[in-house]
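Asks: Submitted below is the structure of interest, expressed as structure tokens.
The values are calculated or read from the model by the stated rules, or taken from the named source; none is laboratory data. It should be emphasised that the depicted structure is a prediction, and the values quoted were computed from it without experimental measurement. Because the Cβ atoms are built from the backbone with ideal geometry, glycine has one as well, and the counts that use them run over all protein chains shown. We work out accessible area using only protein heavy atoms, side chains counted, and drop any ligands, DNA or RNA first. Shrake-Rupley method; radii C 1.70, N 1.55, O 1.52, S 1.80 Å.
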Amino acid sequence: MQEINRLTKLTGSEVSVHAPMVDPAGFSKEGRWSESDRSEAERQLWNVVERCHELSPKGNVPITVHASGVMASEPRAGVKGEKEVMAVINQDTGEMAAAKREEKYYPGLKEKQVILPAEEVDIINRSEWENNFHPMFQVKSEATEIIKDSIKVLLPIADKLKNPEFSEKNLNVEQRAAISQLNSANVYLEDIDMRLRAMYNRAYKYGNEKDRGKLQELSKDWQKNQEAIRSGDVSLVELPLIRTQLIEKALYTLRGVEPPKVYRPIEDFAMEKASQTLANVSFQAYSKFKDNAPIINVENFMPGTAFSRADELKGLIEPSREEFVKKAVSEGYSADEAKQAAEKMIGVTWDIGHINLLRKAGFGKEKIVE
């Protein structure tokens, strides 16, 4: 860095730097996403910022960062705003998939029906959500039958079973079998309970605010249920009944919420994660180096990757600046200073060569210019 600094002074040149090929959103070369990869991308970019400040301690070295290397949705040629293929990500696993524009034939319809990629994503989310319920209803039904038969046998001695000194030796063969059956039913119910917790988590993370209110009410019932069980006042006969009632309410509540958007368009997801990285790095640079901080220029990469078009790139820069402002204001900067700093610290490198490659996808010269 010192040698480059000396050369710039000798030649009267200014230097810009291209960052390593890291994806700010946190996608690996294999196309999978993880939070650890996003954090690592942030660390690498910060390392570049520090070294660029050494290169020009009294300047603002522009650092060009690729917007993304992840394959994105494929636009439909000639139809503005419509996709031929929509790249999506499973937010739980970080795995990618594709939803295509397809012509489908359904019974009862005379003509084929065109399913757009966005509609296909909605179908995937609904199908995955609904597929969770059938096995749970089936297990719950089996457990309920076991509980009914067992309680008929044990109800006459329910009070005796509450006594901690009561021994199973005092029970007859039928009563012991009923207790064994109840224990089996409780295992089934615990399995459903674990599945419901996973579904609750998904619905809360990827659902809407209205549904979160319903889930919070369900959570209160869950807590009461656990407190009652831990208290030790619940008999062996009462325990499966309490669990069954809560499971019925949980199933009813979860089936009534909007299917959580586990599968999400890659651009939306990448924008959220990349803007977090870009804002964090830029704000850290501004906080440490103030008016002499290196600045981040986000470059449109190859067509077919996320944020490769002008409107998409703008859709990444604006939320990145907004995130910068939020962080700055929370740290005591005025809103005006934060906004001015964000506009200086986060900008664009527009690669004409990359956008021109859209001609391979059938876009003419006029469209490219537009």
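Asks: Rank these residues by their accessible area, most exposed first, probe 1.4 Å: V88, V187.
Replies: The ranking, largest first, comes out as V187, V88.
Asks: Ignoring ligands, DNA and RNA, what percent of the 1.4 Å accessible area of region 21-72 is carbon and sulfur?
Replies: Here it works out to 50 percent.
Asks: Follow-up question, since we're still on this one. Identify all lysines with a Cα-Cα distance to K365 below 25 Å; exclude those on the same chain that are fewer than 8 residues away in sequence.
Replies: Those lysines meeting the cut-off are K80, K83, K314.
Asks: Could you run the Debye sum over the Cα atoms of the chain, one equal point scatterer each and no solvent, and tell me log10 of I(q)/I(0) at q = 0.09 Å⁻¹, two decimals?
Replies: The Debye formula, applied to the Cα set alone, gives -0.72.
Asks: Can you give the angle from 0 to 90° between the axis of helix 133-154 and the longest principal axis of the chain, with both taken from C-alpha atoms, to the nearest 10?
Replies: With rounding to tens, the tilt is 20 degrees.
Asks: Let me ask another. What is the extension gain from M194 to Q216, computed as 0.36 nm multiplied by their sequence separation minus the C-alpha to C-alpha distance, in nm to one decimal?
Replies: Roughly 6.2 nm would be gained on extension.
Asks: Right, something else. Excluding G26 itself, calculate the net charge of residues whose Cβ lies under 9 Å from the Cβ of G26, where each Lys or Arg counts +1 and each Asp or Glu counts -1.
Replies: Once all neighbours under 9 Å are counted, the net charge is -3.
Asks: Helix 2-11 versus the longest principal axis of the chain: what angle, 0 to 90°, nearest 10, using Cα atoms?
Replies: Around 30 degrees separate the two axes.
Asks: Enter the accessible area of S308 (Å², nearest 10), with the probe set to 1.4 Å and all protein chains included.
Replies: The accessible area comes out at roughly 10 Å².
Asks: Set the Förster radius R0 to 35 Å, insert the Cβ-Cβ distance between K290 and S36 as r into 1/(1 + (r/R0)^6), and round the FRET efficiency to 0.05.
Replies: Working from the Cβ atoms, E equals 0.70.
Asks: Roughly speaking, to the nearest percent, how much of region 114-214's 1.4 Å accessible area is carbon and sulfur?
Replies: Here carbon and sulfur together make up 52 percent of the probe-accessible area.
Asks: So what's the angle, to the nearest 10 degrees on a 0 to 90 scale, between helix 335-345 and the longest Cα principal axis of the chain?
Replies: With both axes taken from Cα atoms, the answer is about 70 degrees.
Asks: Hey, what did region 183-269 get for relative contact order, percent, Cα under 8 Å, at least 6 apart?
Replies: Taking the mean separation of contacting Cα pairs over the length of region 183-269, I get 47 percent.
Asks: When DSSP beta bridges are limited to those with both residues in the chain, what percentage is antiparallel, rounded to the nearest 5?
Replies: Once the DSSP bridges in the chain are tallied, antiparallel ones form about 60 percent.
Asks: In what order, largest first, do D122, D149, D221 sit by accessible area if the probe radius is 1.4 Å?
Replies: Ranked from most to least accessible, the order is D149, D122, D221.
Asks: In addition: Net charge near I247, counting Lys/Arg +1 and Asp/Glu -1 over other residues with Cβ under 9 Å of its Cβ?
Replies: Around I247, the surrounding residues sum to +1.
Asks: Lys and Arg at +1, Asp and Glu at -1: add these up for the other residues within a Cβ distance under 11 Å of R38 and post the number.
Replies: Its environment carries a net charge of -4.
Asks: Explain nothing, just the number: relative contact order of region 1-72, from Cα pairs under 8 Å at least 6 residues apart, as a whole percent.
Replies: Here the relative contact order equals 44 percent.
Asks: Let me ask something else about it. Please work out the average accessible area per residue across region 76-178, using the 1.4 Å probe convention, and give it in Å².
Replies: Averaged over the residues of region 76-178, the accessible area is 66 Å².
Asks: What ranking of L116, L55 comes out by heavy-atom accessible area, probe 1.4 Å, highest first?
Replies: From most exposed to least exposed: L116, L55.
Asks: Then there's this: Tell me what the chain gives for mean residue ellipticity at 222 nm when only DSSP H runs of n ≥ 4 count, each as -39,500 (n - 2.57), the sum divided by the residue total, rounded to 500 deg cm²/dmol.
Replies: Mean residue ellipticity at 222 nm (helix-derived): -19500 deg cm²/dmol.
Asks: Now a separate question. Quick one: compute the contact order of the chain, relative version, from alpha carbon pairs under 8 angstrom and 6+ residues apart, as a percent.
Replies: That works out to 22 percent.
Asks: Checking the cross-link filter: which lysines have an alpha carbon closer than 25 Å to that of K152, excluding same-chain neighbours under 8 positions apart?
Replies: K140, K160, K162, K169, K249
Asks: Hey, another quick one. Provide the solvent-accessible area of L7, counting protein heavy atoms only and rolling a 1.4 Å probe, rounded to the nearest 10 Å².
Replies: 90
Asks: Do any GluC sites (Glu not before Pro) in region 159-218 lie in a DSSP loop with no more than 14 other beta carbon atoms within 10 Å, and if so, which?
Replies: E165
Asks: Rounded to a whole number, what is D in µm²/s for region 13-93 from Stokes-Einstein with the Kirkwood radius over alpha-carbon pairs (20 °C, 1.002 mPa s)?
Replies: 143
Asks: Would you work out the Kirkwood radius for region 210-333? I mean one over the mean of 1/r across all pairs of different Cα atoms, in Å.
Replies: Evaluated on region 210-333, it is 19.1 Å.
Asks: Need the C-alpha centroid separation for region 204-257 versus region 340-370, integer Å.
Replies: Taking the Cα centre of region 340-370 as reference, the centre of region 204-257 is 52 Å away.
Asks: While we're looking at this one, here's another question. Across every pair of different alpha-carbon atoms, what Kirkwood hydrodynamic radius in Å does region 48-187 reach?
Replies: 22.4
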